[in-house]
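One structure below.
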Amino acid sequence: MKRIKLLLENTEYQKMLDTITEAEKDRIFCRHTLQHFFDTARILYIFCLEEKLDIDKELIYAIGLLHDIGRASQYTDGTEHHKASADAVRYFMPLCGFSENETERAAAAILSHRSGDNDDEIAKLLYKADKRSRLCFDCAARDKCNWSREKMNLEPFI
Ligand SMILES: [Fe+2]
């Protein structure tokens, strides 16, 4: 997992995580921490194994770890986070040694992760994994959340 290690050690990536943590410190809804990024990556990995998809593990983790990193831009300059995350993918993934194909596949999956509007298997599974990573069934702010009940994870199982 050398390429993922490079991403986690990247100081600009770490700075974006810090920006998100600071901006969300009083947030009552789900936060966008490294915990959420790893939860999403691991659930996405489980889904890929279940579906017997031959997708590189590092690509799966890169998608999980970058899918919401654009929240940093959203909080600082108002860019919608799915777009800012796709920009971040195009910046960080080549730096960490990912190919152009891998980078573009990740960017496309992340661009559609809020709508689910993408036919690529990994994009469909990212949409699902992102929701499944949240513990909506045990959330005190559920009644105030803007997610539809269909999006909410109301069962504690993958
Ligand atoms: Fe997410």
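Observations on the model:
- Spatially, the stretch 88-158 and the stretch 25-77 are offset by 7 Å when compared through their Cα centroids.
- Net dipole in debye of the chain [+1 Lys, Arg Cβ; -1 Asp, Glu Cβ; about Cα centre; nearest 20]: 400
- The label-point distance for Asp56 and Phe38, in a model that sets each label 7 Å from Cα toward Cβ, rounds to 2.3 nm.
- Eligible aspartates and glutamates near Lys128 by straight Cα distance, threshold 15 Å, same-chain separation 8 or greater: Asp39, Glu50, Glu51, Asp68, Asp117, Asp119, Asp120, Glu150, Glu155
- Here the residues Leu44, Leu135, ranked from fewest to most Cβ neighbours within 10 Å of their Cβ, fall in the order Leu135, Leu44.
- Distance violations [Cα-Cα > 23 Å] among Lys57/Lys131; Lys5/Lys57; Lys52/Lys83; Lys5/Lys131: Lys52/Lys83; Lys5/Lys131
- Binning the C-alpha pair distances of the chain at 10 Å intervals from 0 yields a P(r) profile of 11, 42, 37, 10, 0 %, listed from the shortest bin outward.
- Computed FRET value (nearest 0.05) for Phe157 with Asp77, which takes r as the C-beta separation and R₀ as 35 Å: 0.35
- Shown for Lys83, Lys131: other C-beta atoms within 10 Å of each C-beta, ranked fewest to most, produce the order Lys83, Lys131.
Here, each number is a calculation from the coordinates, and none is a lab measurement. This one's a predicted model, so the numbers in the text were calculated from it and none came from an experiment. So basically every Cβ, Gly included, is an ideal-geometry build from the backbone, and we count neighbours across all protein chains shown.
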